[in-house]
Amino acid sequence: MTAAQPPDFCVTDPVKEALAVTLRGCDELIPQDDWIKKLQRSQASGQPLRIKLGLDPTAPDIHLGHTVVLNKLRQLQDLGHTVIFLIGDFTSLIGDPSTRPPLTREQIETNAQTYYRQASMVLDSAKTEIRYNSEWGDALGSRGMIQLAARYTVARMMERNDFHDRFKAGTPISVHEFLYPLMQGYDSVALKSDLELGGTDQKFNLLVGRHLQAEYGQEPQCILTMPLLEGLDGVEKMSKSKGNYIGISEDANTMFAKVLSISDELMWRWYTLLSFKSEADIAALKAAVAAGANPKDAKVALAKEITTRFHNAAAAEAAEADFANRARGGIPDQIDERTLGLGDGGAPLGLAVLLKMVGLAASTGEGNRLIDGAGVRVDGAVVADKSLKLGVGSYVLQVGKRKFVRVILSKN
């Protein structure tokens with residue numbers, strides 16, 4: 001994290017506080033002195049700064065990893081500044097060459113429908129502008145695109161790591177791929193942004209925005225990069241494709257339980273990047289744990305804070321009670337339910353077969369292995385007999401600590 005360095009000019013106390021908020025948990029602030037000057041000017045004039053975040057609607061759901069940047073935006077909104085939530089419907093048609101292919105217009109429109117609704121769980125809608133970069137992207141036209149391309153050199157473009165590595169390896173680079181960072185940079189020109197946020201993997205594109213603003217006679221924006229949040233495994237960045245994520249639209253019980261599943265070490269990083277607690281409060285929690293307090297209590301507090309933010313306090317309390325019930329071997333109040341008909345005149349079904357039928361095991365063989373490993377419960381009781389068969393009735397099948405299905409077996 002970049003530490004605050006004393007500038008060579010006088011800084012007021014409110015600006016010092018705003019700088020501390022800006023720097024909390026960040027990777028880099030570029031250039032810091034310019035941001036301080038912008039904050040000073042804003043304080044003196046009463047004019048809020050314009051803070052930009054661009055997101056390409058590549059998927060319909062947002063996970064906690066995305067909220068690292070959203071949390072920072074909310075903190076800056078609480079200081080009185082304006083956030084521009086930019087949906088990259090135009091840039092999505094190009095595709096970011098480092099991470100993803102272009103999307104169709106239909107995919108973009110479908111995904112964009114839920115983006116801002118979910119982001120509003122974190123942002124203050126009264127201080128948020130929603131914009132789409134097709135507003136100026138479509139209007140540029142061929143002539144405008146050529147003029148834009150003339151303001152950035154190929155040599156500078158090849159400094160981008162993925163372009164450099166692909167060129168060195170002899171991997172083809174299409175000309176249209178150069179348009180993505182150019183258009184992302186032009187967004188900053190169109191919006192006259194003072195600060196742009198992004199993950200560390202977006203640093204090059206954010207710097208292009210600074211360059212283009214200067215080319216168009218604007219004061220260049222500052223850049224704030226935020227680290228990529230490690231997922232539940234504590235190793236890989238949070239990603240839906242890696243299965244180590246928490247979606248902000250997941251149910252409260254699942255969200256609460258997933259937060260409690262992270263390691264004690266990862267918990268403190270999540271506190272810094274995801275919690276709205278002050279740094280002093282987090283330091284006090286950390287000191288208490290170091291002095292012998294149970295780290296689980298701090299983790300429960302984090303889980304409740306996050307669950308409350310995306311649901312409500314009552315849901316967080318209920319999720320805590322549900323988790324405690326599961327830990328005691330209890331059965332949650334809300335679980336999936338399946339109704340199955342028994343064939344052959346109502347003949348009972350083997351437990352391993354049932355596990356496969358309801359999706360708790362990939363195969364009958366895996367079901368038997370789970371039973372052998374004492375990993376299967378029926379109505380809360382561990383099953384040790386692989387030959388167990390279940391007839392007409394209602395049963396709660398459980399695999400491990402979190403997988404439950406209520407099965408209702410009936411005669412055909």
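The values are calculated or read from the model by the stated rules, or taken from the named source; none is laboratory data. Nothing here was measured: the structure is a model prediction, and the numbers come from that model. We place every Cβ from the backbone using ideal geometry, glycine too, and count neighbours over all the protein chains shown.
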| query | For Ala3, all conditions in the list (1) assigned to a helix (DSSP H, G or I); (2) modelled with pLDDT under 95; (3) of a type in the set (A, V, I, L, M, F, W, C) hold save one; what is the number of the exception? | reply | (1)
| Given (1) at pLDDT below 85; (2) aliphatic (A, V, I, L, M); (3) within 25 Å of the chain's Cα centre (by Cα), number of the condition Ile173 does not satisfy | (3)
| task | Report whether or not Ala361 is closer than 24 Å to Asp251 by Cα and outside any strand (DSSP E or B). | result | yes
| task | Sort out which residues of the stretch 366-391 are over 18 Å from Arg402 (Cβ atoms), touching a helix residue (DSSP H, G or I) at 6+ places or on another chain (Cβ under 8 Å) and assigned to a helix (DSSP H, G or I), and write them in order of number. | result | Asn368
| note | Flagged in the stretch 270-310 as under 17 Å from the mean Cα position of the chain (by Cα) and without any contact (Cβ under 8 Å) to a residue 40 or more places away in the chain, in numbering order, are Tyr271, Ser275, Glu305, Thr308
| task | Report yes if some residue within the stretch 322-331 is surrounded by 15 or more Cβ atoms within 10 Å (Cβ to Cβ) and touching a strand residue (DSSP E or B) at 6+ places or on another chain (Cβ under 6 Å); otherwise report no. | result | yes
| query | With respect to Thr91, is the statement that it is free of Cβ contacts under 8 Å to residues at least 12 places away in the same chain, in the same structural domain as His63 (by TED's automatic domain parsing) and under 18 Å from Gln213 (Cβ atoms) true? | reply | no
| request: Could you tell me which residue of the stretch 102-160 is modelled with the highest pLDDT, considering only residues that are among the β-branched types (Val, Ile, Thr) and either part of a strand (DSSP E or B) or crowded, with 16+ Cβ neighbours inside 10 Å (or both)? | output: Thr128
| said: Name the residue that is nearest to Gly65 (Cα to Cα), counting only residues in the stretch 307-323 that are of a type outside the set (Phe, Trp, Tyr) and in contact with a helix residue (DSSP H, G or I) (Cβ under 6 Å, 6 or more places away or on another chain). | reply: Thr307
| query | Residues Val396, Val392, Val405: which one is under 17 Å from Glu337 (Cβ atoms), of a type outside the set (D, E, K, R), touching a residue at least 12 places away in the same chain (Cβ under 8 Å) and loosely packed, with under 13 Cβ neighbours inside 10 Å? | reply | Val392
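Residue by residue, here is whether (1) aromatic (Phe, Trp, Tyr); (2) outside the structural domain of Glu219 (by TED's automatic domain parsing); (3) without any contact (Cβ under 8 Å) to a residue 24 or more places away in the chain; (4) closer than 30 Å to Thr114 by Cβ holds:
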{"site": "Lys127", "(1), (2), (3), (4)": "no, no, no, yes"}
{"site": "Asp138", "(1), (2), (3), (4)": "no, no, no, yes"}
{"site": "Gln147", "(1), (2), (3), (4)": "no, no, yes, no"}
{"site": "Glu159", "(1), (2), (3), (4)": "no, no, no, no"}
{"site": "Ala169", "(1), (2), (3), (4)": "no, no, yes, no"}
{"site": "Phe178", "(1), (2), (3), (4)": "yes, no, no, no"}
{"site": "Met183", "(1), (2), (3), (4)": "no, no, no, yes"}
{"site": "Leu191", "(1), (2), (3), (4)": "no, no, no, yes"}
{"site": "Leu197", "(1), (2), (3), (4)": "no, no, no, yes"}
| Of all residues making up the stretch 357-388, the number that are surrounded by 13 or more Cβ atoms within 10 Å (Cβ to Cβ) and over 23 Å from Arg326 (Cβ atoms) | 4
| field | Test for Lys299: is it farther than 29 Å from Gly393 by Cα and at pLDDT 90 or above | value | yes
